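Some notes on the structure that comes next.
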Amino acid sequence: MVANKASVELNDGSQGIMRARFRAGVKKLGGAGIVGIGIFAMCGAFYFSALQPGQARLQILRDRVAQMEGVSRKPGDITDEKLTQAEQLAIFYGYFPTKSSVPASLEKIYAAAASEQLNIDQAEYKVSHTSVEKMSRYQITLPLRGRYSRIHKFLIKVLKDVPSASLEHVLFERKKIGDSSVDATVILVLHLVSES
């Protein structure tokens, strides 16, 4: 038992020395040093509690987007330095449909108008080439008649269902203040790439 008391006293003595050294170290660091250590510890905790899970969620979302687009490339491939300029340009042109897709795109546009109960009197079509050699524009002018909210929904649906389409111009005209319907002139452009 005497030996145990001596070891307990020795442990208390060594703990006292360690406490004294700790206090001296804290005193040496000062307030700014303690705050710095606290911030450093919080940064580590923040990384493991917020940033790392956030990065994992971001990767999951990127994978879902790639899946939805039907693209098998990894994010960032288009700007990969290993790709030549010609390869990057080929990937860019790959995003656009060819002229043979115009009938399918027109079907989607007319289906969107029908689903919103919009009347199309007579559409005008015009093909023009852009300054970029491989690209062309298929311009569609649609005179529409219907409620403003339905025309708005139609435009949203077209831009969602036909990714190569852009809204170039829209003009609304109401004949009388109390009319529930408006006349609209909508100009859509299908951006196409030449088949090669």
Can you pull out the residues in the range 133-160 that are exposed (fewer than 14 other Cβ atoms within 10 Å of the Cβ) and closer than 23 Å to ALA104 by Cβ? ILE156, LYS160
Sole miss for ALA56 among (1) within 30 Å of VAL186 (Cα to Cα); (2) modelled with pLDDT of 70 or more is condition (1)
Residue satisfying all of: in the range 139-174; in a strand (DSSP E or B) and within 27 Å of the chain's Cα centre (by Cα); nearest to PRO97 (Cα to Cα) among these: ALA165
Might you check whether a residue that is small (Gly, Ala, Ser), touching a Leu at 6+ places or on another chain (Cβ under 9 Å) and more than 18 Å from SER105 (Cβ to Cβ) occurs anywhere in the range 165-181? no
If you take the residues of the range 91-113 that are surrounded by 12 or more Cβ atoms within 10 Å (Cβ to Cβ) and of a type in the set (Gly, Ala, Ser), which of them is modelled with the lowest pLDDT? SER101
Given (1) within 30 Å of ALA90 (Cβ to Cβ); (2) free of Cβ contacts under 8 Å to residues at least 24 places away in the same chain; (3) assigned to a strand (DSSP E or B); (4) not charged (D, E, K, R), where does LEU192 come up short, assuming only one miss? (2)
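The values are calculated or read from the model by the stated rules, or taken from the named source; none is laboratory data. Since we're looking at a predicted model, the values are computed, not measured. Heads up, the Cβs are rebuilt from the backbone with ideal geometry, glycines too, and the neighbour counts pull from every protein chain shown.
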